[in-house]
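Data first, discussion second: the structure below is written as C-alpha cells.
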Amino acid sequence: MAGQRWRLLGLGLLLGFCFLPQHITGQNASVPNKRGRGFIGHRVETANGSSELTIDDFATKVLSGGLTTAFLPAVYIIVFVVGLPSNTIALWVFFFRTKKKHPAIIYMANLALADLMFVIWFPLKISYHLKGNNWIYGEALCKVLVGFFYGNMYCSILFMTCLSVQRYWVIVNPMSHTKKNSKIALTISIIIWVVIMLGTVPLYLIDQTHYISNLDITTCHDVLPLETMAFDLFHYFLSLAIGVFFIPAVLTALAYTLMIKTLNASITAENIGKKRKRAIRLIIVVLVMYLLCFAPSNLLLVIHYASIKNSYTGNLYAFYITALCLSSANSCIDPFVYFFVSKDFRDHVKNTFLCRSERTVKRMKVSFSSMKYSRKTNTYTSTSDTQTSNC
C-alpha cells in the first residue's frame, strides 16, 4: 500500500517537476491526508458487512438539484453541438487543404485536435448529469472520461500559449527561418502531448466511481472517500492549476501585451494602421476569452483545495464544477477566434463544402488573375484574347 501511494505521488508530481518552481514540494506519503478533489464521501458499514459512502446535506442538494441535472448538461449539449463540427472542419482544413505547415498551422491543428478530443466524450457526461449524476457505464469508462476531460482541457491551454508566443516571435522576427521553426513547433507539440498523457496517469490509478447510499446513485469523480489514496493527490491537482494554467497564463498575457505594444508603435500609414488596429482588437478578444474561460475554474480549484486542507470541507466544489463547465465553452469558441477569423481559412472551408479540389481552386485563381476589370463596362476582359465575360 505504501509503495503504491509513493508511485501515485511520484506520477502526480511529474507535471510539477516539469512546470513548477522548486519550492513546491509534496508531503510525506505516510501521513494520512483528509483531502478530496470533489465532495467528501463518508464510509459506513452495511448490515451485510460491506461498506457504502454517504454525503452531507449540501452535497446531496447539489447532486440532486437543477444545477448538476439541468444547467450543466444544457451547457455541455451546446458546447458539443457547436464544438464537434467546427473543430472537425478545422482539422480537415489543416490536414487536407493547407499545404504549408508553418508553426502557427501546427499549433492550431493541435489545438483543434485537443478541443475535438475534449468534446467527443461529452455525450457520456451529458447522460451522466441527465440521469441525476448516476454513472452506469462502469469504472473503466469513467476513468477514460475524467482523463480525457482534464488532459485535453489543459492541452488546449498549452497550445494557446504556444500560439501566443509564436505570434509574438513572428512580429519581432519576421525573417526567421520558417522550416526550422516548423520543426521546433512539431517537437514542442509532441512534448506537450507526452507530458499531458503522463500527467493524467494518476487519474487512471484511483477508483473514480462510488455508490452513494443516501441518493442511490453511483457518481463518477464527484465523490471520493477520505481513506482512499485520492487524498494524497493534493499536490498533483495543485501542480495542474499552477503549472499548466497560471504559468502559461502569465506567458500568454505577456506575449499578447508585448504584441499590442509592438503593433501600436509601428502604426504609421493609414491603411496599415487600420489593419493593425483590427489585429490589436482581435488580440484583446483572444486574451480576454482565454482568461474568462480558464481563470475562474483554476482559481476556484486552488481555493477549494485550501478549504479542504484547512477545514476538511469541500463546499466550494459546486462553484468549481460550474466554472469548469463554463470553461468548456472555450472549445467551441476557439475555432471562430483562431481559425474562421482568417480569410484563407474561410476560403478553404467554402471550397471544401463546394467540393472544389486544390487543382480547381488554383485554376480559378490563375484564370481570374489573368483578367482585367473595366469600371466603365463593369466587366472582366481576358488578357489572352478579346473575349469578354460578365461576372
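Just so it is clear, none of the values below were taken in a lab; they were calculated from the coordinates. Everything numeric here is computed off the predicted structure, so don't read it as measured data. We place every Cβ from the backbone using ideal geometry, glycine too, and count neighbours over all the protein chains shown.
Give me L67, L116 ranked fewest to most by other Cβ atoms within 10 Å of their Cβ, as a rough exposure proxy.
Details: L67 17, L116 20.
Ascending number of Cβ neighbours within 10 Å: L67, L116.
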query: Once you list every other residue whose beta carbon is under 11 Å from the beta carbon of N264, what net charge do they have if Lys and Arg are +1 and Asp and Glu are -1?
result: +3
message: Exceeding 27 Å between C-alpha atoms, which entries from my cross-link table qualify? They are K99/K180; K125/K343; K183/K274; K101/K143.
response: K125/K343; K183/K274; K101/K143
